[in-house]
Amino acid sequence: MECLTGDKMKRNLILSSGVLLLIFSMALISPVKANATWGFETDKTYAFELKQLNMYDTDYVQALKQNTTMKIVFTDSNDTGYSYNTIDFEGTITPNSTVFVPVEVAEGVTFVMPQGLPIALPLSYGGSIPDYLAAFGQFINETDLNLMLGNLLFNMTDFGNITYMDVYSIYNEDYLYGKLDLFATVLNETTLTGLMAGIDTSELGFTFPTNITDFKFNATIAYNATSGLFDYFKITIRSMAEQYGYVDNFDVDVKYGLYIPPPPYTPTPTPTPTPTETNFPWMIPIVAVSLISSGLVLRRKKK
């Protein structure tokens, strides 16, 4: 298996899929001068890990989890971006930075786009955008797909015979979700090999099928609505595949996201038994009979 380190890991780990890059990179119309507000903490370590990787009804998380672990430490932030260190599974520290700047992507159309890995989105960006996440989601919902996908998936024949594709967002008090739903009658298998970021899957005991049909692809990227921090992305694939003349279901489930430590263990206290009053109702008739018997004996003696 190829080890992913340094810049290569930074390029491939989260942005290995062009589809994911699309949702990461879309932003919104912005004033010229920004004053961004951030919700993350500097000098705090945020760890990310592979949470799920199921393929061919087999769980590959344990085989790949260690090599895909990444830690992020934000070192500084300013009005337009932030600096941070990435720490890969080997402990290699790589300084990085991300800035959100207005970029003219079409005539008369300007977007604020992240230059660098968008581990976090701003909570606000300029005085006229008090809720960046809400505006970000609205922008995704209202932007023409041709504008968002034109430069990214410019040659659809390389990807497959796509008959349906939709990009949209959902925003609530917990998360901003960026979503992509796609259906292709036939898929070029090299698209899936690209998602594995250079990992030699043959060492894991499988290869991608040569013919994939009825390809349903659903991707979700979630940002925490309170901190703006990237929380997770999830990919679900449901399709049919042919390999060596054998056709079977080809299902893939992938989830990569923020590591949440389990709550500290608190032993359950052993309840103290409540003392109960001891009664002996069965002794009452015995005592009564004994007293009566004793009285009869004393009476006979007196006679």
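The values are calculated or read from the model by the stated rules, or taken from the named source; none is laboratory data. Just so we're clear, the structure is a prediction, and the values are computed from it rather than from any experiment. Cβ atoms come from the backbone with ideal geometry, glycine included; neighbour counts cover every protein chain shown. Heavy atoms of the whole protein, side chains included, go into the accessibility calculation; ligands, DNA and RNA do not. Shrake-Rupley method; radii C 1.70, N 1.55, O 1.52, S 1.80 Å.
What to note about this one:
- Rolling a 1.4 Å probe over the protein heavy atoms leaves ASP248 with an accessible area of roughly 70 Å².
- The accessible-area ordering, largest first, of the residues THR42, THR86 stands as THR42, THR86, per a 1.4 angstrom probe.
- Of the peptides 73-81, 89-97, 113-121, the ranking by mean beta-carbon count within 10 Å, highest at the top, reads 113-121, 73-81, 89-97.
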